[in-house]
Every structure is written in structure tokens, then in C-alpha cells.
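Only one structure is covered here, and it is reproduced in the block below.
The values are calculated or read from the model by the stated rules, or taken from the named source; none is laboratory data. The model shown is predicted, which means the values in this text are computed figures rather than measured ones. Counting neighbours? That spans all protein chains shown, and the Cβs are built from the backbone with ideal geometry, glycine included.
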Amino acid sequence: MHTDTERCVRAVRSKDARFDGVFFTAVRTTRIYCRPSCPAVPPKAENMEFHPSAASCQRAGFRACKRCRPDTSPGSPEWDARADAVARAVRLIRDGVVDREGVPGLAARLGYSARQIERQLLAELGAGPLALARAQRAQTARLLIESTALPMAEIAFAAGFSSVRTFNDTVREVFALTPGDLRARAAPAAPTAPTTPSAPTAPTASPGTVLTLRLPFRAPLEPSNLFGHLAATAVPGVEEWRDGAYRRTLALPYGHGIVALAPRAGHVRCRLSLTDPRDLTHAISRCRRLLDLDADPVAVDERLRADPLLAPLVDAAPGRRVPRTVDAAEFAVRAVLGQQVSTAAARTHAARLVTAHGVPVDDPEGGLTRLFPTPEVLAGLDPETLALPRSRRATLLALVEALAAGALSLGPESDWTEARARLLALPGFGPWTTEVIAMRALGDPDAFLPGDLGVRRAAQSLGLPATPAALTARAAAWRPWRAYAVQYLWATDSHPINHLPA
């Protein structure tokens, strides 16, 4: 969109928040870049130029606005709606892959050369992988500076910088403030340092970093099916609903964490407890992906509302999101465990695996006890120990062996078409299991479940075609947002997945 100057100018003058993160406005006279909804008086059109990313603005010599904080705007919805190399590269950079593995590691995951990835990102985003990762490091650094009492040296390495000097230079260049100035500006909201327990028997917090963040999204957001689904299908020990928040354990590159997510007006409250602060970028990326926070609900609902049978559902609760996952391999395992059984039975099967093979964790604030077991651990199971039908055991073991060996990838780097083909080649995998993994693990917004019992019941009650083939033909008009149509269809039922817990 950033190449359509007239449209961008109209969005800036109307302060349209729907375009925050879609493009950025750079002002030539002040050398500042903003989000489209910046509350400042809009500059003259001849003084504006438009960029597809914050990294592109920084690369051109602009610094972030101190009023609208464009570096904290929601991510562009385009990268979660595409499966080409550029979109997959952006998702991996958001996960911190460049910081951990460098550009060669990013290119290797995508199956391209580093030069090809650099060229494609420059063409679409105006910045290469290093510049995009640098912009993300700056945002993470700002978050840690303003939200924690960590020493600056620790923040520098936690944010992914190779040295304190690079950290200082980047913060000054991007925000026109020193790290100390950033902390001073945020001093009234900064948390106080934890106190030492007065007695040896007093409870102590688990070691690590605890942060409370606001995760932005594009309005509207309907939380009932999003959080209701996560709570209703929660695996005991790994997930829980407590005090109005969905809580779960996270397996992260440098350690583990626990997150609590609660819907609020205009944002999602996120409380993260990390054993290693270097995992912050990865954890935030996973939480945003879990809640589908970078979606464009206006574009989705506009397409679905064009169908007269779906329009009343959209108008009743606009802004439904697709509940996704923080770990694609975990969800794939759970999808197999949920084949042809109830939600309660699927939770029971998953809880047995977690109790027997999950890594224990401490949770002083709740009842979480374990991480979900990895494919490498599950691949070594004795199938006779699994309380599942023989055919289901074979399906589960084939899946975890493919994941553990690297023959199947379901991460942000995955090609959706190739992943579907590899899933269907496994024993026991049919269209339902493959599409539900595509929808919630791969993140394909056009995944569709015409044979799902809940979808068929909803179709029948609404007067939509009931057979999978006829419904698929009718749903062609809903593309590329059929996964969201599934959420609206599911919501016609009284199942607990559609309601926030009391």
C-alpha cells in the first residue's frame, strides 16, 4: 500500500488506525516517522513519504515519533496471510531467528541463498534481514528499558545486541534518546525492584524476568470464541484459566516461560515470566500468533458480510479471530489425539502425555506444572504405553517421528502447500486433521473444514449447503478468509469453546 501515495495521505489525514503497521509515514522536514493514526497535526502532503516497515524508515535516516511510538504498532496483517518466501522470512525474523542464527540461518530455513532473501526483502520492505532484525531489537530494548529494572548491559544482550556500544548507538539513533533518558521518561510506570523475603520460610519468586505488557491489535476484537476456545481445550498442567486470564507454559530457545493473557479494552494484557530475558522477542511473537492479533478484522468481516447468510453472524459479533498456537508441533500432536473424540477426551489423552513425559516447571502464581513434551521425546515412546486405539498410536508415532527427524516442518518457515502434502502422506491423516493443523498451527487464513461436525450443523441451521462438496463450492466466495468463516459458523453452537469462562 505504501506506493499508493494518495490513499496513504487520506489515511494519515483521517488518522485511520486500521493502517497502523501496514505502512509508516516519514516526514522529510522533521526526519521523524509515525504511524498513520499519530495524534499530531498531519504534515503537508509534499513533506510526507511512505515506507512499508519501520526498518525502512530507520534505514532512510528517520527516527521514531515520541508521541505515537510507531515501533509498537500492530504487525502488518499481510505477512500472516501469505506463504511466500518474503512472508515466511518476516515471520522468522519476528521470532528472533536472525538474532540467534544470523542471516545464513534464516536463508537455510527457507531454502534460499542469503543474497536471494536480501534482495526479496529489500524489494518489498525497503530493508534487508539485518535492518529488520535491528528494528526489532530496538523495540525489544525499549520495552525492557521502560518495563524492567534490569541493568542496561543485561538489556543490551537480552534484546539481541552483540555489544553495549551497539545497543547505545542504536537506541540513540532510533529514538533520539539515550537508554537512560528512555528509562527516566518512563520512571513513573517502572516497576520497583523485588524485595528480599524477611524470613527463610517465606515464598520466593522463581528466578528470571517478569514483565507486564500491552499487546495491541486492530479493532474490533471479539474475545469470546478466542479465549473460550483456548480455555475449553486447555491441557491440565500446561494451560489453565485463572483470574480472568488464559495462562500457559512456554518452551523457548533459551529456557522456558509462563504467560498470562487477558482481554482488555483496546489491548490484551500480557504478563510474562521468563527464565532468560533473551526469549522476550520470541515469546511476544508466539503470543501474538496464538491470539491472531495481527489480523485485519475489517477486511475479513467485509468479505464474509457479503454473504447474506453469514452477515447476521458477523454483525452480531464482529472481529472474531482464529485461535492458533504457540507451538505448531504441540498442536499437531493434540490434533491427532482429538481425532473422532470429544474435547474432554482429547484433553485427557494430552494430559496423560504431559504427566508422563513433560518437563516440570515451577509456577508460584498458579497451577501450571509442565511443558508439553517435544516430538523428540515422544518419538521414543513405547506404543504399548499409549492408551489409544492401535491405528491412532500408529498415526501419532508417524507424526512425531517425522517432526523429530525434520522430514515435516510446521513452523513459521513452512510452505503451507508442501506441509499439507506431507501431512496427508502420513498414515491416519485425512482432510479434517490436515486442515485443522493448517488453520491453527500453520496459520493459513483460508484453511477450511467442510466435513467438521460443528461446521455442518451450523451450515444446516443457516440454510447453507450441508454436504462437504457443496459447502466448499459455496465457500469459494469467502476466500481468502475461510478459516474466519469457520469461527463464525462454530459460534452458532452453545459449546463452551464459544464462551469466556465465568
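Odds and ends about this structure:
- Subset of the range 467-490 that is in a loop (DSSP other than H, G, I, E, B) and surrounded by fewer than 16 Cβ atoms within 10 Å (Cβ to Cβ) - its residue that is modelled with the lowest pLDDT: Thr467
- Picking from residues in the range 78-119 that are in contact (Cβ under 8 Å) with a residue 12 or more places away in the chain and in a loop (DSSP other than H, G, I, E, B), the one that is nearest to Thr417 (Cα to Cα) is Ala83.
- The condition of being of a type in the set (Ser, Thr, Tyr), out of contact with any Gly (no Cβ under 9 Å at 6 or more places or on another chain), without any contact (Cβ under 8 Å) to a residue 60 or more places away in the chain and in a strand (DSSP E or B) holds for Tyr246.
- Checked across the range 264-277, the condition of being among the polar types (S, T, N, Q) and assigned to a loop (DSSP other than H, G, I, E, B) holds for at least one residue.
- Residue in the range 335-355 that is surrounded by 21 or more Cβ atoms within 10 Å (Cβ to Cβ) and part of a loop (DSSP other than H, G, I, E, B) present: no
- Being under 22 Å from Pro223 (Cα atoms), at pLDDT 95 or above and among the acidic types (Asp, Glu) is a property that does not hold for Asp307.
- Taking the range 384-448 as the region of interest, the helices (runs of 4 or more DSSP H) fully inside it that hold 1 or more residues being among the small types (Gly, Ala, Ser), out of contact with any Ser or Thr (no Cβ under 8 Å at 6 or more places or on another chain) and at pLDDT below 95 are 390-405.
- Within the range 255-270, not a single residue is within 14 Å of the chain's Cα centre (by Cα), surrounded by 18 or more Cβ atoms within 10 Å (Cβ to Cβ), at pLDDT below 95 and within 21 Å of Asp80 (Cβ to Cβ).
- Scanning the range 264-279 for residues that are without any contact (Cβ under 8 Å) to a residue 24 or more places away in the chain and within 19 Å of Arg94 (Cα to Cα) yields nothing.
- Among (1) in the same structural domain as Asp16 (by TED's automatic domain parsing); (2) at pLDDT 95 or above, the one test that Arg165 misses: (1)
- Restricting the range 78-132 to residues that are touching an Asp or Glu at 6+ places or on another chain (Cβ under 7 Å) and basic (Lys, Arg), the residue that is farthest from Phe24 (Cα to Cα) is Arg109.
- Within the range 450-462, residues that are buried (at least 17 other Cβ atoms within 10 Å of the Cβ) sit with their Cβ atoms under 7 Å from residues that are of a type in the set (Ser, Thr, Tyr) and in a loop (DSSP other than H, G, I, E, B), at 6+ positions apart or across chains, in these pairs: Ala458/Thr492.
- The number of residues in the range 11-39 that are surrounded by fewer than 14 Cβ atoms within 10 Å (Cβ to Cβ) and either in contact with a helix residue (DSSP H, G or I) (Cβ under 6 Å, 6 or more places away or on another chain) or among the hydrophobic types (A, V, I, L, M, F, W, C) (or both) comes to 1.
- Counting the residues of the range 206-224 that are surrounded by fewer than 17 Cβ atoms within 10 Å (Cβ to Cβ) and modelled with pLDDT of 95 or more gives 2.
- Note on the range 4-77: enclosed strands (runs of 3 or more DSSP E) holding 1 or more residues that are more than 23 Å from the chain's Cα centre (by Cα), closer than 25 Å to Val268 by Cα and not assigned by TED's automatic domain parsing to the domain that holds Arg134 are 32-34.
- For the range 59-99, residues that are within 16 Å of Gly126 (Cα to Cα), surrounded by fewer than 20 Cβ atoms within 10 Å (Cβ to Cβ) and out of contact with any helix residue (DSSP H, G or I) (no Cβ under 8 Å at 6 or more places or on another chain) total 2.
- Gln139 meets all of the listed conditions (1) within 21 Å of Leu293 (Cβ to Cβ); (2) at pLDDT 95 or above but one, namely (2).
- Tally of residues being more than 26 Å from Arg321 (Cβ to Cβ) and either surrounded by 21 or more Cβ atoms within 10 Å (Cβ to Cβ) or not charged (D, E, K, R) (or both) across the range 409-428: 6
- Single residue of the range 321-334 satisfying the filter (among the aliphatic types (A, V, I, L, M) and not in a helix (DSSP H, G or I)) that is farthest from the chain's Cα centre (by Cα): Val322
- Single condition Arg393 does not satisfy, out of (1) more than 27 Å from the chain's Cα centre (by Cα); (2) buried (at least 18 other Cβ atoms within 10 Å of the Cβ); (3) on the phi > 0 side of the Ramachandran plot: (3)
- Number of residues in the range 157-178 that are under 24 Å from the mean Cα position of the chain (by Cα), crowded, with 21+ Cβ neighbours inside 10 Å and among the hydrophobic types (A, V, I, L, M, F, W, C): the value is 3.
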